[in-house]
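One structure below.
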Amino acid sequence: MKIERFEDIESWKKSRELTSRIYGLTAKGGLAKDFGLRDQIQRASVSIMANIAEGFDSGSKKSFILFLNYAYRSTSEVQSLLYVVVDCRYVTQKEFDELFIATKDIKNLIGGFIQYLLKSNKHT
């Protein structure tokens, strides 16, 4: 499949799904009242998809790769915050595991895309 817009990028699609799940999670229970943690994990998840989109439209492969690296690191931030969420018992271990697997999948997609761009002569 040819990528013509950022919405075609698989890691963006998966990060959008993750962000939706994070927002659903933060709207209920104790996490809804833990404003600092709630806001931080929301911002980090939004940052993943925003950096992928921004990088896609950056105009150069080098810049795109830089933004993909930002997205990768934001995914790591979500992973770290998920540990706080489960340690505070805002989610079950099963919920944590599902979300953590989703973040690992996103990191694998982003990492693979970076490698593809590094080896190719194409912008996208």
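Each value in this text was obtained by applying a stated rule to the coordinates, not by laboratory testing. Only a predicted model underlies this, so the values are computations on that prediction, with no experimental measurement involved. Every residue, glycine among them, receives a Cβ derived from its backbone with ideal geometry; neighbour counts consider all protein chains shown.
May I ask you to work out the translational diffusion coefficient for region 45-98 at 4 °C, viscosity 1.567 mPa s, via Stokes-Einstein with Rh from the Kirkwood sum over Cα pairs, reported in whole µm²/s? Can you show the working numbers first?
On the way: Rh = 12.1 Å.
The Stokes-Einstein estimate is 107 µm²/s.
Report Rg(Cα)/(2.2 N^0.38 Å) for region 67-119, keeping two decimals. Present the calculation step by step, with values, prior to reporting the outcome.
Details: Rg = 12.9 Å, N = 53, 2.2 N^0.38 = 9.9 Å.
Compactness ratio reported: 1.29.
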(request) Tell me which residues come under 5 Å, amide H to amide H, from ILE3 once H is placed; ignore anything under 5 positions away on its chain. (result) none
(request) First select every other residue whose beta carbon is under 12 angstrom from the beta carbon of THR75; then total the charges, Lys and Arg +1, Asp and Glu -1. (result) +2
(request) On a 0 to 90° scale, report how tilted helix 35-56 is relative to the longest principal axis of the chain, with both axes built from alpha carbons and the result rounded to the nearest 10. (result) 10
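Return the subset of LYS62/LYS107; LYS13/LYS33; LYS28/LYS107; LYS33/LYS104; LYS2/LYS62 for which the Cα-Cα distance in this structure is over 24 Å, preserving the input order. All intermediate terms of the calculation are to be shown ahead of the outcome.
Numbers: LYS62/LYS107 19 Å; LYS13/LYS33 28 Å; LYS28/LYS107 27 Å; LYS33/LYS104 27 Å; LYS2/LYS62 20 Å.
Going by Cα-Cα distance, LYS13/LYS33; LYS28/LYS107; LYS33/LYS104 fall outside the 24 Å limit.
Can you tell me the alpha carbon radius of gyration of region 1-111 divided by the globular rule-of-thumb value 2.2 N^0.38 Å? Could you put the intermediate results ahead of the total?
Values: Rg = 14.2 Å, N = 111, 2.2 N^0.38 = 13.2 Å.
Normalised by 2.2 N^0.38 Å, the Cα Rg of region 1-111 equals 1.08.
Might you report the magnitude of the Cβ-based charge dipole of region 11-119 about its Cα centre, with Lys and Arg at +1 and Asp and Glu at -1, to the nearest 20 debye? Intermediate values should be presented prior to the final figure.
On the way: 16 positive and 11 negative charges, 41 e Å.
For region 11-119, the charge dipole is close to 200 debye.
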